[in-house]
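The values are calculated or read from the model by the stated rules, or taken from the named source; none is laboratory data. Model, not experiment: these values are computed from the prediction. Don't worry about glycine lacking a Cβ; one is built from the backbone with ideal geometry, like all the others, and counts go over all protein chains shown.
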Amino acid sequence: MKSPGLEFITIGQVVAPWGTKGKLKVAVATDFPQRFAPHSQIYVNRQPMTIAGTEWHKGKAIIKLDTIDSIEQAEKLRGQAVEIHHSQLQPLPEGQYYHFQLIGLEVWTTQGELLGKVTQILTAESNDNYVVRGGEGEILIPAIEDVVKSVDLDKGRITIEAIDGLLSLNR
């Protein structure tokens, strides 16, 4: 896997303190919730911290960090990103990519037309959709096999087959 351009990758965000003993409620932003397991290393404000304990409540991680012991200390972390170092990334199966790897890639059609760059990825139940911004505004490209023909991280390019109506629907 090509080394990502980002040194740190966000896996969640501190929503609020939880209780009075320094626990934090974290909105999880990773497909690997095991990253919040006890003894895991994370970074908050680029400072390494170790998770001492984890509970789950309504889809949020309630974590206790080894160095945070009061509601006052926890309150200072409200709104902060919870990150991992890129060296902690899990390898993905061939043909799967982290969102941050796709943001900024150029999108070309199989006919050689440059559509723009991926600026955002919208996640839906059935499939992701790439938001591509180019000279003619934004285009939504469904991330499905019939449309996305190749992703080349080294060349910074995604090639798509513009199925009937896809581009005209977006323009």
Can you tell me how many residues in the stretch 148-171 are touching a strand residue (DSSP E or B) at 6+ places or on another chain (Cβ under 7 Å), in a loop (DSSP other than H, G, I, E, B) and within 17 Å of Gln120 (Cα to Cα)? 1
Has the stretch 94-116 got at least one residue that is without any contact (Cβ under 8 Å) to a residue 24 or more places away in the chain, surrounded by 12 or more Cβ atoms within 10 Å (Cβ to Cβ), small (Gly, Ala, Ser) and not assigned by TED's automatic domain parsing to the domain that holds Thr20? yes
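For every residue, the table says whether it meets (1) touching a Ser or Thr at 6+ places or on another chain (Cβ under 7 Å); (2) modelled with pLDDT of 95 or more; (3) among the acidic types (Asp, Glu).
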| position | (1), (2), (3) |
| --- | --- |
| Ile121 | no, no, no |
| Glu125 | no, no, yes |
| Gly135 | no, no, no |
| Glu145 | no, no, yes |
| Asp154 | no, no, yes |
| Thr159 | yes, yes, no |
| Asp164 | no, no, yes |
| Leu167 | no, no, no |
Pairs returned, first residue in the stretch 8-32 that is within 10 Å of Val82 (Cα to Cα) and without any contact (Cβ under 8 Å) to a residue 24 or more places away in the chain, second residue that is surrounded by 13 or more Cβ atoms within 10 Å (Cβ to Cβ) and of a type outside the set (Ser, Thr, Tyr), beta-carbon separation under 8 angstrom, 6 or more apart or interchain, are Ala29/Ile11; Ala29/Gly12; Ala29/Gln13
Quick one: which strands (runs of 3 or more DSSP E) sit completely within the stretch 1-55 and have at least 2 residues that are within 15 Å of the chain's Cα centre (by Cα)? 8-18, 23-28
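Please return the ranges of strands (runs of 3 or more DSSP E) entirely within the stretch 60-123 where 3 or more residues are of a type in the set (A, V, I, L, M, F, W, C) and under 15 Å from the mean Cα position of the chain (by Cα).
Once the strands (runs of 3 or more DSSP E) in the stretch 60-123 are filtered for at least 3 residues that are of a type in the set (A, V, I, L, M, F, W, C) and under 15 Å from the mean Cα position of the chain (by Cα), what remains is 81-85, 114-122.
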Within the stretch 65-90, tally of residues that are in contact with a Leu (Cβ under 8 Å, 6 or more places away or on another chain) and either within 19 Å of Pro38 (Cα to Cα) or modelled with pLDDT of 95 or more (or both): 4
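Can you find a residue in the stretch 63-82 that is under 30 Å from Leu153 (Cβ atoms) and of a type in the set (S, T, N, Q)?
yes
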